[in-house]
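Structure below; questions to follow.
Derivation of every value follows stated rules applied to the coordinates shown; laboratory data play no part. Every value quoted in this text rests on a predicted model; they were computed, and no experiment measured them. Cβ coordinates were reconstructed from backbone atoms using ideal geometry, including for glycine residues, and neighbour counts include every protein chain displayed.
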Amino acid sequence: MNDLLHIIYCGAGGTLSARHCAAMLRPDLVKENIDGEAIEWAAWRLRRREERRKHLIVLSDGAPVDDSTLQANGDGYLNHHLRRVTGEIEQAGDIRLAAIGIGHPVERYYKEGITISSPEELESTLIQLINRLLIAPRCSRP
């Protein structure tokens, strides 16, 4: 129901910079997003890579929202879909999934979620999260 638009701000193997993050805040970009679909697509791309350890970090401005999808399927549809997708990735255990919410809590969707109050906190929080993902032992598979 929504136009398909996947934006890669910084691909795997690339160097994340402030320029990449600033692009996310462009006012001309549509603010509707189907998070579950985007995460499925990113996980599919990541699974095709050869690295043994895989981490997917989501930067989010809140809950998934798309007016057309919600109008046709009800208010809880996108939230349910996101929870299903994150649960499937976490259960598969081949990708370590984490998220940073900018101004909106993400802990309800991601077991490893952190909420910050402003974009200025992003750099230090991202470094801390990457450190935690690389050093902390992976939870055992169910």
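Taking the mean number of other Cβ atoms within 10 Å as a proxy for protection, how do you rank 33-42, 52-61, 119-128 from highest to lowest?
Working: 33-42: 19.8, 52-61: 15.8, 119-128: 13.5.
Going from most to least packed, we get 33-42, 52-61, 119-128.
Assuming R0 = 41 Å, can you tell me the calculated FRET efficiency for the pair Arg52 and Asn73, based on Cβ-Cβ distance, to the nearest 0.05? Let's see the in-between values first.
Working: r = 38 Å, r/R0 = 0.93.
FRET efficiency, Arg52 to Asn73: 0.60.
Once Lys and Arg get +1 and Asp and Glu get -1 on their Cβ, which of Gly93, Ala43, Leu70 lies farthest toward the positive end of the dipole of region 34-135?
Gly93
Show me the GluC sites (Glu not before Pro) within region 42-88 that DSSP assigns to loop and that have at most 12 other Cβ atoms within 10 Å of their Cβ. It would help to have the intermediate numbers written out before the result.
Numbers: sites: Glu50, Glu51, Glu88; in loops: Glu50, Glu51.
Of the GluC sites (Glu not before Pro), the ones in loops of region 42-88 whose Cβ has at most 12 other Cβ atoms within 10 Å are Glu50, Glu51.
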